[in-house]
Amino acid sequence: MTGKEALETSEAQIAVHWQEEEYYYPSTKFIAQANMTDEKIYDRFSLDNFPNCYKEYADLLDWYEYWHTILDTSDAPCWKWFTGAKINASYNCIDRHLPKNKNKTAIHFVPELENEKVEHITYQELYVRVNEVAALLQDFAGLKAGDRVTLHMPMTAELPITMLACARLGVIHSEVFGGFSGRAAADRVVDSGSRVLITIDSYYRGGALIDHKEKADIAVEAAGKEGQIVDKVLVWQRYPGKYSSSFPMINGRDFFVNDLLKKYYGKRIEPVPMPAEAPLFLMYTSGTTGKPKGCQHSTGGFLAYAAGTSKYVQDIHPEDVYWCMADIGWITGHSYIVYGPLALCASTVIYEGVPTYPDPGRCWRIAQDLDVNIFHTAPTLIRTLRKVGPDEPAKYNYEFKHMTSVGEPIEPEVWKWYYNVVGKGKAVIVDTWWQTETGGFLCSTLPAIKPMKPGSAGPGMPGIHPIIYDEDGNVLPEGAGKAGNICIQNPWPGAFQTIWGNRDRYVSTYYAKYCKNKDSKDWRDWPYISGDAAVDAPDGYYRILGRMDDVINVSGHRLGTKELESAALTVFEVAEAAVVPVNDDIKGKVPDLYAALKSGILPSDELAKKISNALSAEIGSIAKPRNVWLVPDMPKTRSGKIMRRVLSAISNKKDVDDVMTLANPEIVEVITKIVQK
Ligand code: PRX
């Protein structure tokens, strides 16, 4: 899809997209306790005060040494924040809270099975466990500052413990979403150059104990074939002391963390003072080409931005119980389950399993029992809960002061249900727009200052100055109400530093298009391109319409169409594959996969299944397409390009419009018959 085509689609989308809604206002009770009630924050973070304004976020942290340059642009557009400063993320999330709050719960781990006990890990216990794991990583695994380590772990307390142990040593962690396949983990092991893989034997989902260790075996083997040797696989156990996997441990390669830890009981590791711009972690995300991009996030800038936005948008106070229902395997979990809340000394909830297991009341039981007062989730889950348990929230005695929506546009009807039924009309809502690349929120309301508007993400965050361009590089006037490419005019501390090992791709994907002067060291010449289409209303609130590139947002998770297509092409019989997004009431979008078979091969249900399974094996079950359509040929332009726009119209039962530019217009009817039969 070219940008032009996508833009036209977006223009059309606006007409059918929801209309501007009325404001909702926060209660006086909320405002009275809010962290940020000073409207002048927008002036303090105006472009005139940029970049020094970000000292206000940095001051939320403890630094070993302060910076000499707040924003170093000498390697534009690879921005360096707080240059010259030294900081440790693990120290900021743990040690500094001990004098006053060592007995406070840092992590509530909620197992999926309700007959298993919730684990309440205090800051002191977190300190002890993180130190011991750090000792193990340093001594047994030989890891040191700057090394990369791949984690392939599900939602368990051991995941943040491992991340914080890495951060303590300055080791760069690269956590792969637990639901991803072993082969997807292998790609990330290879790209990051990890020689240690940390995993778990099993975990619960949907009432079943999922055997996870096999994925490590697949990952190590596949990485080895590509020349990346993993010499140690560290295996946590779901039940310490008991192995819950049917896949054998490999002698000399696989080690139980819980066994090894015995040697490190009581060990303390001094946090390593890291340069602010040293990478803290990599988070891989899908892009427009097949290969996932390792977004490299910094230590000082990322942590300052995660802490600042957690304090002012999430309104987290140390006494709050905060539950973000994302997975730590995605950026939301890194910024807003682990680093942001722990930097602010909150209690953060980690839930192992499926939100509706064993029944649609589960979330609200957890909220009631832990006395959660800040709740954070994605529209997909809100839509699901509204469908399967619309009356459940009223049955439970919890009270939220604050709720977040993240990851996808939220329909005003769904927003209102969230507000009235889940929030019981008492909680404020923030709709937060951002991305893996951005480390933290770009647009959102500050909840005590700006009113809510259902369906709108809100204005740019303080210090984030959005701008909308048309395809030709013209800036759309403010409040124009027209769709365009939403970009950010200025750098900010949470922004990723580069794509790991691929600076050229970083520059070409995110900065080249609207760059005014490629040799410039002035940030004003380098607007950040988000890849999203958006509309700016007269009140300065942004409505995000969706991706403008070949990325599909399924349940708030990004899937690159090219990644899915290359997975389909691993099936011998497939000659060509094309993936298009289909609108879905619950998930927002789901992928439909079209495959043209090699000559002489006949379509069959078995073959369609084989292709679908290939996507799960290559990427993970989230990549399973809604349908696999086996078609005799693809609609193509005269130059041989597959016209995904046509396939998308067919899948979405929309008008295909003009097909005269196609080399084979007759195929449209044939495919329509197959799909819409
Ligand atoms: O299209 C936007 C959509 O999700 C994309 C980013 O996905 P990812 O990198 O996986 O990050 C998820 C955590 C934020 C964006 O390019 N998106 C994200 N938040 C919103 C959104 N679309 C509309 N409204 C949002 N609040």
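Throughout, read-outs are computed from the coordinates displayed, never taken from laboratory work. Note that this is a predicted model, so its numbers are computed, not measured. Using ideal geometry, Cβ is built from the backbone for each residue, glycine included, and neighbour counts are taken over all protein chains shown.
Details
- The stretch 563-635: chymotrypsin sites (Phe, Trp or Tyr not before Pro) in DSSP coil with no more than 16 other Cβ atoms inside 10 Å: F572
- Exposure proxy ranking, count of Cβ atoms within 10 Å, fewest first, for K86, K100: K100, K86
- Using the Cβ of H376 as centre and a radius below 15 Å, the other residues enclosed give a net charge of -3, where K and R count +1 and D and E count -1.
- Exposure proxy for R503, R386: other Cβ atoms within 10 Å of each Cβ, ordered fewest to most, give R503, R386.
- Here the Karplus curve 6.51 cos²θ - 1.76 cosθ + 1.60, taken at θ = phi - 60°, turns the phi angles of the stretch 167-183 into couplings of 4, 4, 9, x, 6, 8, 8, 10, 8, 9, 3, x, x, 5, 6, x, 5 Hz, with x standing for Gly and Pro.
- Between amide H atoms placed 1.01 Å from N, distances below 5 Å from K636 occur with M643, A663, N664, all of them 5 or more places distant or on a separate chain.
- Straight-distance candidates among the lysines for linking to K521, with alpha-carbon spacing under 21 Å and chain neighbours fewer than 8 residues away dropped: K80, K513.
- Listed residues H317, A304, C345: farthest to the positive end of the dipole of the stretch 290-352 (Cβ charges): A304
- Net charge of Cβ neighbours under 14 Å - reference V354; Lys, Arg +1; Asp, Glu -1: -2
- Alpha-carbon centroids, the stretch 33-57 and the stretch 579-625: separation in whole Å: 47 Å
- In the chain, helices alone account for a calculated mean residue ellipticity at 222 nm of -7500 deg cm²/dmol, with every DSSP H run of four or more residues adding -39,500 (n - 2.57).
- Of the GluC sites (Glu not before Pro) found in the stretch 581-677, those that fall in a DSSP loop while having at most 15 other beta-carbon atoms within 10 Å are E666.
- Fewest-first ordering of F82, F247, F177 by other beta carbons within 10 Å of each residue's beta carbon gives F247, F177, F82.
- Charge dipole (Cα centre; +1 on Lys/Arg Cβ, -1 on Asp/Glu Cβ; no other charges) of the chain amounts to roughly 980 debye.
- Sparse packing (at most 15 other Cβ atoms within 10 Å of the Cβ) combined with a DSSP loop state is found for the following GluC sites (Glu not before Pro) in the stretch 331-430: E399.
- Top positive-direction residue, dipole computed over the chain with Cβ charges, set G620, L60, G389: G620
- Three-way shape label, the chain, alpha-carbon gyration tensor, a/c 1.5: rounded
- Summing charges over all other residues whose Cβ lies under 14 Å from the Cβ of K587, with Lys and Arg as +1 and Asp and Glu as -1, gives +2.
- Flagged links, alpha-carbon separation over 25 Å, of K144/K232; K29/K102; K387/K424; K40/K453; K86/K144; K401/K450: K29/K102
- Violating pairs (Cα-Cα greater than 29 angstrom) within the set K562/K598; K291/K518; K291/K587; K104/K262; K587/K653; K516/K636: K516/K636
- Averaging the sequence gap over all C-alpha pairs within less than 8 Å and six or more residues apart, then dividing by the number of residues, gives the stretch 555-676 a relative contact order of 22 percent.
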